[in-house]
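Report on one structure; see the data block that follows.
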Amino acid sequence: MELYKKINLHSHTFRCKHAQGNVADYIEEGIRNGMQVLGISDHTPFPEPRDTGIRMELEELPEYISEIESAQKKYQNIRILKSLECDYTKEFISFYKEMKENYHLDYLIGSVLFFL
Ligand SMILES: [Zn+2]
């Protein structure tokens with residue numbers, strides 16, 4: 001079993017509206033810094049227009065996923081994981097599970113934020 005020493009499982013692209021850069025920008029910076037595993041984990045879109053200031057829109061999700069999957073094929077010297085950060089709210093749990101299945105996500109990050 002390979003032991004990874006430089007891992008980052010929490011990173012956001014521009015789609016989260018509180019970060020900059022796209023998937024390739026994070027990967028290339030990670031490679032420059034000797035990163036072995038990088039998880040891309042933008043905030044999950046909500047299934048309804050709510051608290052949109054810190055997350056991608058639902059329509060952006062397919063492009064986000066395909067950007068990560070293309071990068072997984074392109075960059076062979078770093079392990080890239082496909083993820084989403086899920087802001088805890090009881091009514092969206094099944095939506096989150098559905099997304100994990102549908103998009104074959106490697107993991108989900110759970111977070112607790114205040115929003116209305
Ligand atoms: Zn985050």
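Every number in this text was worked out from the coordinates using simple rules, so none of it is lab data. For clarity, every value in this text was computed on a predicted model and none was experimentally measured. Positions of Cβ are backbone-derived with ideal geometry, glycine not excepted, and every protein chain shown enters the neighbour counts.
For residues that are within 14 Å of C16 (Cβ to Cβ), of a type in the set (G, A, S) and out of contact with any Ser or Thr (no Cβ under 9 Å at 6 or more places or on another chain), tally how many sit in region 49-83.
1
Each row is one residue, and each column tells you yes or no for (1) touching a Lys or Arg at 6+ places or on another chain (Cβ under 8 Å); (2) touching a residue at least 12 places away in the same chain (Cβ under 8 Å).
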residue: G21; (1), (2): no, no
residue: N33; (1), (2): yes, yes
residue: L38; (1), (2): yes, yes
residue: E48; (1), (2): no, no
residue: G53; (1), (2): yes, yes
residue: L58; (1), (2): no, yes
residue: E63; (1), (2): no, no
residue: S83; (1), (2): no, yes
residue: Y107; (1), (2): no, yes
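Looking at the chain, what strands (runs of 3 or more DSSP E) fall wholly within it and have at least 1 residues that are within 12 Å of the ligand (Cβ to nearest atom), exposed (fewer than 14 other Cβ atoms within 10 Å of the Cβ) and at negative phi?
Fully inside the chain and qualifying: 107-111.
Restricting attention to region 27-47, which residues are under 8 Å from the mean Cα position of the chain (by Cα) and of a type outside the set (S, T, Y)?
G39, I40, D42, H43
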